[in-house]
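Before any comments, here is the structure.
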Amino acid sequence: MSKICLCLTGKTLAHDLEIIEKNRKYVDVAELRVDCLDPDERFRIRRFPEMAGLPVILTIRRESDGGKYQGGEGARISLLAHGLANAFTDPRLNFAYVDLEDYLNVPALEEAARVFGTKIIRSYHNIHGTDDDIVEKLKSLYHVGDELAKIAAMANSLSDVLRMYRASQEMTDMNKILICMGPFGIPSRILADRFGSEFSYTTMAGQSLGAPGQLEPKELSDHYCFKSISNKTKVFGITGFPLRATFSPTFFNTIFKLEDTDAVYVPFPTDNVKTFLELAEALNVSGASVTIPHKTAIIPYLGSQSESVQSIGACNTIISDPRGWIGTNTDASGFSGSLLNFIGKKNLKGKRVTIIGAGGAAHAVAAEVYRLEARALIVNRTAVKAKELALPYGFAWDGLDHHCVEHIKKYADIIIQTTSAGMEPNIGEDPFALYQFSGREVVMDLIYTPECTAFLDRASRAGCQTLNGYDMLIRQAQAQYELFMGKEFPSHLLSRF
């Protein structure tokens, strides 16, 4: 089973020990990044394993490998030797591991480590990308039985993560550590055991030089229940790009934990739907949520579609099936349930509605607005997309510019914002700034993070009734749960949110 390794990048040993104490119950191993220590602290490292009270990796990383060490190789080797010198007979008081890069060939240092039970991690780092020959690189790193072969490579796309996983499956009999750095690599950190990786590296928020994509120890241990993940654990997830703000992992993992279900819900950021589906099949993912910008792009890859996907033209949920991915849509019912509950109505008959946007979420909203008997206007920056969405329902359409303001006033009973404008990294953006609210409109923004977008804030200050997308999120997630798990959602657990 994979272990959680806490990367220590403090300037002093005392600070690193404080970090250990804060995270001791979450981690199994610590990595002392000596290159991050102040120079006068580096000569005190020998006693650190004894002070730490848990297995420690000795690491001195050069700048070219993503570290901070700027001295010469001779001085670095001497410092490594100092950390291994005067070993105690009790191996718990010595460094449990020493990380030596593939190009560092010092037989005397390696022998000294082995004599006193310190295992060697033979590592290769590529902070720019992922090499093509991962399997061959692993083979070249692995020398003797007490070594771990480690590859840490930047994942510039989810396809790099997929290649790393496939390489891990070719080398199942090798003791290894595989790390996909960067946001795309998050699945490899949570599912380290599936990748055959001995460790998953973590760091505390605010610590310098934590590798890109590292999660916090508590998040990995408690939120994702890392130590409970096995080959029997069901994997679910969410795919989209860039996935900076999504509440879904918190929702599903909390529910799984509360009802003691052996399952985990993992973020899979990707800009390529086909690659995600290939990785999902390789990892045996049971189901996934689909979000911006993939709700329409995923449809050609589905083995079958629900009536909701066929009528809406967007898919936000997929379920694994031997005959291919089954696609459905829970956004529609989540949206209508939330809006109708908010306004206290059973339908929208007689209402005139403006829908901002023409993406996957707008497709679900338009279908429900039509079903609920409202008349609507679709406005979008690209007018032709607004037209394409509006025509099947007989809705009006327009471009989102100054010329549409008078048009919007005729459809202003309810205004629904469906785009990503106002989310990270564009917090503060108002996609509807050209329109002046009268205060009589009901205004809904499907965004839930931040809780109040600039768009909603402006509407609220004008006196409008406003609603964000949080309630819609919970409603559609409940429906997804029932599709994923094949059973009724445990509603009594909603009090935890």
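Every number in this text was worked out from the coordinates using simple rules, so none of it is lab data. Quick caveat, the model's predicted, so the values are computed rather than measured. Neighbour counts are summed over all protein chains in view; Cβ atoms, including those assigned to glycine, are modelled from backbone coordinates with ideal geometry.
Can you list the lysines whose alpha carbon sits under 17 Å from that of Lys68, skipping same-chain ones fewer than 8 residues off? By straight Cα distance, Lys68 reaches Lys11.
Could you line up Lys176, Lys487, Lys227 from fewest to most neighbouring Cβ atoms inside 10 Å? Walk me through the numbers before you get to the answer.
Details: Lys176 24, Lys487 8, Lys227 16.
Arranged by neighbour count, lowest to highest, Lys176, Lys487, Lys227 become Lys487, Lys227, Lys176.
When the Cα positions of Ser230, Leu243, Gly463 are compared along the charge dipole of the chain, Gly463 comes out farthest toward the positive end, with charges on each C-beta of Lys, Arg, Asp and Glu. In a simple Cβ point-charge model (Lys, Arg +1; Asp, Glu -1; nothing else charged), the chain has a dipole of about 1180 debye relative to its Cα centre. Here the label points at Asp173 and Ile77, each 7 Å from Cα along the C-beta direction, are separated by 3.4 nm in the simple model. Computed over the stretch 131-234, relative contact order equals 21 percent, with contacts defined as Cα pairs under 8 Å that lie 6+ residues apart. Based on Cα contacts under 8 Å between residues 6+ apart, the stretch 340-473 shows a relative contact order of 20 percent.
When shorter helices are ignored and each DSSP H run of at least 4 residues is given -39500 (n - 2.57), the per-residue value for the chain at 222 nm works out to -9000 deg cm²/dmol. With viscosity 0.890 mPa s and temperature 25 °C, the Kirkwood radius over alpha carbon pairs of the stretch 3-231 converts through Stokes-Einstein to a diffusion coefficient of 139 µm²/s.
For the listed peptides 273-279, 315-321, a ranking on the average number of other beta carbons within 10 Å per residue, highest first, reads 315-321, 273-279.
Could you please rank Val266, Val135, Val29, placing first whichever residue has the fewest other Cβ atoms within 10 Å of its Cβ? Provide the component values of the computation, followed by the final result.
Numbers: Val266 24, Val135 16, Val29 19.
Least to most surrounded, the residues fall as Val135, Val29, Val266.
Taking Rh as the Kirkwood radius, which is the inverse of the mean 1/r over Cα pairs, what is the Rg/Rh value for the stretch 340-473? That ratio equals 0.92.
Using only alpha carbon pairs under 8 Å that are at least six residues apart, calculate the relative contact order of the chain and give it in whole percent. Rounded, it is 9 percent for the chain. Within the straight-line cut-off of under 15 Å between alpha carbons, the aspartates and glutamates reachable from Lys387 are Asp398, Asp401, sequence neighbours fewer than 8 places apart in one chain being disregarded.
Within straight-line reach of Lys227, meaning a Cα separation under 16 Å, sit the following aspartates and glutamates at least 8 residues removed in sequence or on another chain: Asp28, Asp193, Glu198, Glu216, Glu219, Asp260, Asp262. Exposure proxy shown here: for Met171, Met444, the number of other Cβ atoms within 10 Å sets the order, fewest to most, as Met171, Met444.
Each label point was placed 7 Å from the Cα along the Cα-to-Cβ direction; for His403 and Glu307 their separation is 4.0 nm. The order of the peptides 186-198, 379-391, 300-312 by mean Cβ neighbours within 10 Å, most packed first, is 186-198, 379-391, 300-312. Using 7 Å Cα-to-Cβ label points, what is the Arg166/Arg24 separation (nm, one decimal)? Roughly 4.5 nm, to one decimal.
Among 116-124, 325-333, how do they line up from the highest to the lowest mean number of other beta-carbon atoms within 10 Å? Write down the numbers at each step before the final one.
Working: 116-124: 19.7, 325-333: 24.0.
Packing order, densest peptide first, comes out as 325-333, 116-124.
With P(r) over Cα pairs in 10 Å bins from 0, in percent as the read-out, I listed [x] 4, 18, 25, 20, 15, 11, 6, 2, 0; [y] 4, 16, 22, 17, 13, 12, 9, 5, 1, 0; [z] 4, 18, 30, 27, 14, 5, 1, 0; which label goes with the value calculated from this structure? Only one listed value fits the structure, namely [x].
Taking Cα centre as origin and charging only the Cβ of basic (Lys, Arg, +1) and acidic (Asp, Glu, -1) residues, the dipole magnitude of the stretch 385-455 rounds to 280 debye. Ordering His125, Ile4, Thr172 by Cα displacement along the dipole of the stretch 3-231 toward the positive end leaves Ile4 in first place; charges were set at the Cβ atoms of Lys, Arg (+1) and Asp, Glu (-1).
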